[in-house]
1. State all residues of the stretch 163-175 that are within 16 Å of the chain's Cα centre (by Cα) and surrounded by fewer than 16 Cβ atoms within 10 Å (Cβ to Cβ); if no residue qualifies, say none.
2. Under the condition of being β-branched (Val, Ile, Thr) and without any contact (Cβ under 8 Å) to a residue 12 or more places away in the chain, which residue from the stretch 70-118 is farthest from Leu34 (Cα to Cα)?
3. Select from the stretch 66-76 the residues that are buried (at least 17 other Cβ atoms within 10 Å of the Cβ) and not hydrophobic (A, V, I, L, M, F, W, C) and write down the one among them that is modelled with the lowest pLDDT.
4. In a loop (DSSP other than H, G, I, E, B), of a type in the set (Lys, Arg) and not assigned by TED's automatic domain parsing to the domain that holds Tyr14: is that true of Lys145 in this structure?
5. Does the stretch 150-157 contain at least one residue that is surrounded by 16 or more Cβ atoms within 10 Å (Cβ to Cβ), in contact with a Ser or Thr (Cβ under 8 Å, 6 or more places away or on another chain), of a type outside the set (Lys, Arg) and over 15 Å from Glu220 (Cβ atoms)?
6. If I filter the stretch 184-201 for residues that are under 23 Å from the mean Cα position of the chain (by Cα), within 30 Å of Cys277 (Cβ to Cβ) and aromatic (Phe, Trp, Tyr), do I get at least one hit?
7. Can you tell me how many residues within the stretch 53-95 are closer than 21 Å to Arg10 by Cα and out of contact with any Phe, Trp or Tyr (no Cβ under 7 Å at 6 or more places or on another chain)?
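The values are calculated or read from the model by the stated rules, or taken from the named source; none is laboratory data. No experiment lies behind these values; they were computed from the predicted model shown. Glycine gets a Cβ as well: all are built from the backbone with ideal geometry, and neighbour counts include every protein chain shown.
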Amino acid sequence: MDKNKQQIFRSGLYLVSTPIGNMEDITFRALSILKKSDIILCEDTRRSSKLLFHFEIKNKLQPYHKFNEKKISDKIIDYIKKDKIVSLISDAGTPVISDPGIVLVKKCIEENINIYPIPGPSSVTSSISISGFSDKYLFYGFLPKKGKELDSVLKNLSSITYSIVFFITAPKINFYISKFKEYFYDRKIMVAKEMTKIHESFIREDLKLLKKFPDDLKGELTIVLSEQKKDKNFEKKISESVKIEIKKMLKKYSHKDVVEFISRKEQLSKKIVYNYCLKLKK
């Protein structure tokens, strides 16, 4: 490489993207900055040490995760101010995206400390690129675990017309799929498993036709829901939670008022709400 074109590494925080599975996906630039780093912050030293060992990098690893990031971020800032190079990596992919790091990034911005992105592998863009769905997408990441909070999030997301990307741990896949069928039943789905690894697989199906996964499924899955269908003849169904709400409201309010309120609130046709109310009164 021409010496005049070689990158000069300055002190600051470097967000270094690492492979999501296949070690060969690491970039030359990522390797260069990791070798130059005084400290490499990582989620799990056991996992990251395998990456560094593979590429013969002997820099010092320091744990940086959701349980200690607030506690040690100030120390990291002071270290960078001493003209040091600090890199942040996640277990896989691009740091900070559904991973620890935002606390440190915000502190660097407040302290006017340089932050450098070192782009590379990302399960988000990789999954979107092969999904066959719209390239206009919303990345959400990990969903809430609790029922009411989850229902609220999915209800809001159901009005998004773009493709949507989620991260889901394998043991919870069947639970979330059942919820998706309630709020996104008219969409297609792609489930990406073991991306870039030997046993990578991609399942594409109409969401309403997707069958249950084995209970012993392991790992982390990337889920892509297709853009919302634009079918004029399609009628959105009433979710079970809304049905319960309608039943309660009919005890206090008129048929007409319930239809007006629910259709506006849930973005449902008045016809479908009206028909359900009639069914309850019979």
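1. Passing the criteria: Thr169, Lys172.
2. Per the criteria, the residue is Ile109.
3. Top of the filtered list is Glu69.
4. Criteria met by Lys145.
5. yes
6. For the stretch 184-201, residues under 23 Å from the mean Cα position of the chain (by Cα), within 30 Å of Cys277 (Cβ to Cβ) and aromatic (Phe, Trp, Tyr): present.
7. Kept after step one, since they are closer than 21 Å to Arg10 by Cα, are these residues of the stretch 53-95: 57-62, 73-89, 94-95.
Subset that is out of contact with any Phe, Trp or Tyr (no Cβ under 7 Å at 6 or more places or on another chain): 57-62, 73-84, 89, 94-95.
So the answer is 21.
So that you can scan it fast, the table gives a plain yes or no per residue for (1) part of a loop (DSSP other than H, G, I, E, B); (2) touching a strand residue (DSSP E or B) at 6+ places or on another chain (Cβ under 9 Å); (3) assigned by TED's automatic domain parsing to the domain that holds Asp206:
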site: Ala30; (1), (2), (3): no, yes, no
site: Lys35; (1), (2), (3): no, no, no
site: Leu41; (1), (2), (3): no, yes, no
site: Leu52; (1), (2), (3): no, yes, no
site: Asp74; (1), (2), (3): no, no, no
site: Val86; (1), (2), (3): no, yes, no
site: Asp91; (1), (2), (3): yes, yes, no
site: Leu138; (1), (2), (3): no, yes, yes
